[in-house]
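Right, one structure below, let's go through it.
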Ligand SMILES: C[S@@+](CC[C@H](N)C(=O)[O-])C[C@H]1O[C@@H](n2cnc3c(N)ncnc32)[C@H](O)[C@@H]1O
C-alpha cells in the first residue's frame, strides 16, 4: 500500500466511496492510486503537462493501479470526456491557478470539491463560497513543518460571518498551534503597517481577537 504524506492523507479522508472523482493537477497521481485501491473503483486524474503524466503513468504501472484513468488537459477540460464525475480534487497549487480552474464551476454538474491551496487559502475559500458551495468540513494539517488547510465543499448555501470566511471552519489536532502561528503573523503585520492605516490595523486587531476567542474555546474543550 502507498504511504501518503499527512497532507494527501487528509485530502483522501474527505473522499467517500460514492464520489466519482477527477483529480485536476494530479502530477504523480499517488493520491488517485491510493484511493482507487482503497475503494476498488475508477478514479480520473488529469494534468496539464505530459511530463507529469509520464510520472503518473510510471506510478500507475508500478502499483498496478489499472482503475486510475489519466487524462491530459487544462483545468476542468477533461470533464468533457468523463461526464459522470461529480467531485473535483484540487491540491498542491497556488490560489490563482485554483481560482482560474474553478471559474466555470457554478454552472457545472460538480457537487463536491476537495481543495488544498498552497497559498492564500482564504482567497480560494471566499471564491468557492461565492460560487454556490458551502464548507462541509475543513482541517488544518501540519506536514513537514508546513501548515496546510484542506477543505471539503458541497453544493449549497450557508451563511458565514467575515471571520469564518477569512479563517475558515477549521478543526484538527494542529488547530491550536496553527492559530498561534496566525496570531503571530497578525502581530508582525501590526509592526509594519503604518499607524495612519487605521482601518487596516483595526481589521487585523479584530482578527487577533477572533483567533484568540477560537483558541480559548479549544483550550476549554
Ligand atoms: C505541485 S503539483 C501538485 C500535485 C498533487 N495534486 C498534490 O497535491 O500533491 C501541481 C500540478 O498541477 C498541474 N497544473 C497546474 N495548473 C494546471 C491546470 N490548469 N490544469 C491541470 N493541471 C494543472 C501541474 O502541472 C502540476 O503537475
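The helices (runs of 4 or more DSSP H) found entirely in the stretch 132-221 that carry 2 or more residues being outside the structural domain of residue 117 (by TED's automatic domain parsing) are 175-192, 198-220.
Only one entry in 33, 89 is surrounded by 19 or more Cβ atoms within 10 Å (Cβ to Cβ) and more than 11 Å from the ligand (Cβ to nearest atom), namely 33.
Only one of 80, 67, 61 is surrounded by fewer than 23 Cβ atoms within 10 Å (Cβ to Cβ), away from the ligand (no atom under 12 Å from the Cβ) and within 30 Å of residue 172 (Cβ to Cβ). Can you tell me which? Full working, then the answer.
Values: 80 fails: within 30 Å of residue 172 (Cβ to Cβ); 61 fails: within 30 Å of residue 172 (Cβ to Cβ).
On inspection, the qualifying residue turns out to be 67.
Evaluate the following for residue 101: is it within 16 Å of the chain's Cα centre (by Cα) and outside any strand (DSSP E or B)?
Judged against the criteria, residue 101 is a match.
The combined condition, being within 13 Å of the ligand (Cβ to nearest atom) and crowded, with 19+ Cβ neighbours inside 10 Å, is fulfilled by residue 114. Restricting attention to the stretch 104-131, the residues that are in a strand (DSSP E or B) and in contact with a helix residue (DSSP H, G or I) (Cβ under 9 Å, 6 or more places away or on another chain) total 5.
Can you tell me which residues in the stretch 144-165 are surrounded by fewer than 17 Cβ atoms within 10 Å (Cβ to Cβ), modelled with pLDDT of 95 or more and under 16 Å from the mean Cα position of the chain (by Cα)? Once the filter is applied, which keeps residues that are surrounded by fewer than 17 Cβ atoms within 10 Å (Cβ to Cβ), modelled with pLDDT of 95 or more and under 16 Å from the mean Cα position of the chain (by Cα), the stretch 144-165 yields only 154.
Any chance the stretch 182-194 includes a residue that's in contact (Cβ under 8 Å) with a residue 40 or more places away in the chain and either over 23 Å from residue 145 (Cβ atoms) or out of contact with any helix residue (DSSP H, G or I) (no Cβ under 8 Å at 6 or more places or on another chain) (or both)? The answer is no, given that none of the residues of the stretch 182-194 is in contact (Cβ under 8 Å) with a residue 40 or more places away in the chain and either over 23 Å from residue 145 (Cβ atoms) or out of contact with any helix residue (DSSP H, G or I) (no Cβ under 8 Å at 6 or more places or on another chain) (or both).
Is there a residue in the stretch 95-102 that is surrounded by fewer than 16 Cβ atoms within 10 Å (Cβ to Cβ) and under 22 Å from residue 13 (Cα atoms)? Walk me through how you get there before you give the answer.
Step one: filter the stretch 95-102 for residues surrounded by fewer than 16 Cβ atoms within 10 Å (Cβ to Cβ), giving 96, 100.
Subset that is under 22 Å from residue 13 (Cα atoms): none.
The answer is no; no qualifying residue exists.
Please determine whether any residue of the stretch 131-140 is at pLDDT 95 or above and farther than 25 Å from residue 45 by Cβ. Checked against the condition, which is being at pLDDT 95 or above and farther than 25 Å from residue 45 by Cβ, the stretch 131-140 yields at least one hit.
The values are calculated or read from the model by the stated rules, or taken from the named source; none is laboratory data. Remember, predicted model here, so these are calculated numbers, not experimental data. Every residue, glycine as well, gets a Cβ built from its backbone with ideal geometry; the counts of neighbours run over all protein chains shown.
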